[in-house]
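To start, the structure under review is shown below, and the notes come after it.
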Amino acid sequence: MIRIGLVDFDTSHVVAFTQRLNHVDVPEDQWVDGARVVMGCPGRSDISPERIPDHLEQLKKYGVEIVDQPEDMMGKIDAVCIESQGGTPHLPRAKPFIEAGLPVFVDKPFTCSVADAKALFALAARHNVPLFSSSSLRYALEVQEVKAQEAELGKVIGADAYSPASLHPLNPGLFHYGIHGVETLFALMGKGCQAVHCVDTEGTTVVTGLWKDGRLGTVRGTRRGAHSYGFTAFCEKRVVVKPINAAYIYRELLKVIVRMFETKQVPLDPQETIEIIAFIEAAMASANNHGARTALQGA
């Protein structure tokens, strides 16, 4: 049984992950085997500090041991999940665990800059440590189904993805919540985006990405009206239009995380994660330049 530690409690993910891994307060069809949350550090937050006390009390109720500093978990856990809502703290938060040789999952957004993303993966490579980050939407059952049915559907030659895209200055642009739509798009299209055009209004962000093989993919991030998750996948043999049911996204992501902790095999090419960060950076630059075509930098 893998012993997991959680760092920073300002996201509901710390509760949702613990419920599924520790088999508490969720139906049996949500359970994930092979690992257990045994320790956690509430940390601090510049985004949602008011959420920490409630999450702390819930984790205490579930029997999770609480420590004052992340380093206090060293030697008592086998792997760690960095759960800060903000992307900027992730590099310093993950660094001591990577240097200690522990497998690390970093929740979305991985970072808020390509420079930090590259620094994290370089550090993990130097220490031969598996490092992984993803939105749970990447592993939505509907997205996985398209990938599993490639023989029937043909390859994805274009895709449109949508998700809510609330904003926060410490997670600028699509880093804060629109990253769910970006991850959905990349899960369908794969890496290879070269440039973007972005139009940004008060209520909506729309990004069109141009892939190096000529394919086009778009993300619509919504801040007004009804909100949901979903996609249209334009495949060689069929067009697939799917709303995403979020009921099982945490379960499916946790299966992948636990498998990485067990096998030490990274489930996603780090270059794709870096490209996602570059995509969002380029989208912000394009929006600030009246939607001009903007190349991805550093991906």
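Can you tell me the relative contact order of the range 90-226? Whole percent, Cα pairs under 8 Å, sequence separation 6 or more. Provide the component values of the computation, followed by the final result.
Working: 219 pairs, mean separation 28.1, N = 137.
Computed value for the range 90-226: 21 percent relative contact order.
Quantify how much of the Cα-Cα distance distribution of the range 22-80 extends past 13 Å, in percent. Of all Cα-Cα distances in the range 22-80, 67 percent exceed 13 Å. Positive end of the dipole of the chain (Cβ unit charges, origin at the Cα centre): among M260, A292, V14, the Cα lying farthest that way belongs to A292. Counting charges near A295 (Lys, Arg +1; Asp, Glu -1) among other residues having Cβ under 14 Å from its Cβ returns a value of 0. For A35, nonlocal amide neighbours, meaning residues 5 or more places apart or on other chains whose placed amide H falls under 5 Å from its own, are I2. Size descriptors for the range 15-159, from the alpha-carbon set: Rg then Dmax equal 17.2, 52 Å.
Here the Karplus relation 6.51 cos²θ - 1.76 cosθ + 1.60, evaluated at θ = phi - 60°, turns the backbone of the range 138-153 into coupling constants of 4, 9, 4, 4, 5, 5, 4, 5, 4, 5, 6, 9, 4, 4, 7, 8 Hz, with x for every Gly and Pro. Relative contact order of the range 14-78, taken over Cα pairs closer than 8 Å and 6 or more residues apart, is 34 percent. In whole percents, the pair-distance distribution calculated for the chain from its alpha-carbon pairs, binned every 10 Å from zero, is 6, 28, 36, 23, 7, 0.
Just add up the charged neighbours of R44: K/R +1, D/E -1, any other residue whose Cβ is under 13 Å from the Cβ of R44.
Neighbour charge sum, excluding R44 itself: -4.
The mean of 1/r over all pairs of different alpha-carbon atoms in the range 133-176, once inverted, gives a Kirkwood hydrodynamic radius of 12.8 Å. Mean separation of Cα pairs under 8 Å and 6 or more residues apart, divided by the residue count, gives the chain a relative contact order of 18 percent.
Using 30 Å as the Cα-Cα cut-off, could you pick out the over-long pairs in K61/K147; K61/K191; K147/K212; K95/K147; K108/K147? Write out the running numbers ahead of the final one.
On the way: K61/K147 39 Å; K61/K191 42 Å; K147/K212 20 Å; K95/K147 33 Å; K108/K147 22 Å.
Cα-Cα > 30 Å for K61/K147; K61/K191; K95/K147; rest within.
Our coupling estimate for the range 159-172, obtained by passing each phi through the Karplus curve with A = 6.51, B = -1.76, C = 1.60 and θ = phi - 60°, is 7, 10, 10, 9, 6, x, 8, 4, 10, 8, x, 7, 10, x Hz, Gly and Pro reported as x. With θ taken as phi - 60° and the Karplus curve 6.51 cos²θ - 1.76 cosθ + 1.60 applied, the whole-hertz 3J(HN,Hα) list for the range 262-275 is 6, 9, 6, 9, 6, x, 9, 4, x, 4, 5, 5, 4, 5 Hz, x standing for glycine and proline.
Just so you know, all these numbers are worked out from the coordinates, no wet-lab data involved. None of the values given here were measured: they were computed from a predicted structure. Note: ideal-geometry Cβ built from the backbone for every residue, glycine included; neighbour counts use all protein chains shown.
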